[in-house]
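Novice: Have a look at this one.
The values are calculated or read from the model by the stated rules, or taken from the named source; none is laboratory data. These figures come from a predicted structure and were not determined experimentally. All Cβ positions, glycine included, derive from the backbone under ideal geometry; neighbour counts span all protein chains shown.
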Amino acid sequence: MSEGNPITPAGMAALRARYDHLLHGERPPIVEVVRWAAGNGDRSENGDYIYGRKRLREIDRELGHLAKRMAAARVIDPAAQTERAAVVFGCTAEIADEDDHRRTVTLVGDDEQDVAAGRIGWSAPIARALRGARVGDVRVVRLPGGEKSWEIMAIRWP
């Protein structure tokens, strides 16, 4: 798992959809507005031209970022993982802390993480600590606020 940026097929599809939306949905109308505004003469006080150019730079910057992330991505299908007894990429693990507060986390690519939904990025501290753990193992997570121990209660797969 050290090479590239692991990502699920759904995560890669979301990156591609965002890239396509920006390239084919948002960018063309703004290019037309900038072209029209540039033809109106004085560009120094032309709000359409100034805003349009600014928005084009934002879109182009995000397109470049998405292209780099997709080029570095290594798609891994969680359903095709062979190691089913340990916490590895794509699995859903139920964990409990010292006070028996339970939490369910799914290890996904960094580009598709959503902590509120329980989707933890592969390089997050808790994900790094849980990697390779089996049911019953206790792992210590080092966080800025101190150390916290988590026990693996269950491992599930899609």
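Novice: Looking for something touching a Pro at 6+ places or on another chain (Cβ under 8 Å), touching a residue at least 40 places away in the same chain (Cβ under 8 Å) and in a loop (DSSP other than H, G, I, E, B) - is there at least one such residue anywhere in region 66-75?
Specialist: Scanning region 66-75, I find no residue that is touching a Pro at 6+ places or on another chain (Cβ under 8 Å), touching a residue at least 40 places away in the same chain (Cβ under 8 Å) and in a loop (DSSP other than H, G, I, E, B), so the answer is no.
Novice: Which number in (1) outside the structural domain of VAL108 (by TED's automatic domain parsing); (2) touching a residue at least 40 places away in the same chain (Cβ under 8 Å); (3) in contact with a Leu (Cβ under 8 Å, 6 or more places away or on another chain) marks the one condition that ALA10 misses?
Specialist: Here ALA10 meets the rest and fails (3).
Novice: Which is of a type in the set (Val, Ile, Thr) and over 17 Å from the mean Cα position of the chain (by Cα), of VAL87, VAL75?
Specialist: It is VAL87.
Novice: Filtering region 114-158 down to residues that are of a type in the set (Lys, Arg) and part of a strand (DSSP E or B), which residue is nearest to GLN81 (Cα to Cα)?
Specialist: ARG156
Novice: So is ASP137 out of contact with any helix residue (DSSP H, G or I) (no Cβ under 6 Å at 6 or more places or on another chain), over 28 Å from ALA17 (Cα atoms) and without any contact (Cβ under 8 Å) to a residue 12 or more places away in the chain or not?
Specialist: No: the conditions fail for ASP137.
Novice: If we scan region 106-124, do we find a residue that is more than 14 Å from THR8 (Cα to Cα), in contact with a Gly (Cβ under 8 Å, 6 or more places away or on another chain) and surrounded by 17 or more Cβ atoms within 10 Å (Cβ to Cβ)?
Specialist: No: zero hits.
Novice: Also, I was wondering about something else. Could you go through region 70-92 and let me know if any residue there is of a type in the set (Ser, Thr, Tyr) and exposed (fewer than 14 other Cβ atoms within 10 Å of the Cβ).
Specialist: yes
Novice: Those residues that are touching a strand residue (DSSP E or B) at 6+ places or on another chain (Cβ under 6 Å) and either part of a loop (DSSP other than H, G, I, E, B) or not assigned by TED's automatic domain parsing to the domain that holds GLU151 (or both), I need them from region 98-113; list them, please.
Specialist: GLU98, GLY109, GLN113
Novice: A further question follows. Which of the residues belonging to region 32-64 are assigned to a helix (DSSP H, G or I), surrounded by 14 or more Cβ atoms within 10 Å (Cβ to Cβ) and of a type outside the set (D, E, K, R)?
Specialist: Selection gives VAL33, VAL34, ALA37, ALA38, TYR49, ILE50, TYR51, GLY52, LEU56, ILE59, LEU63.
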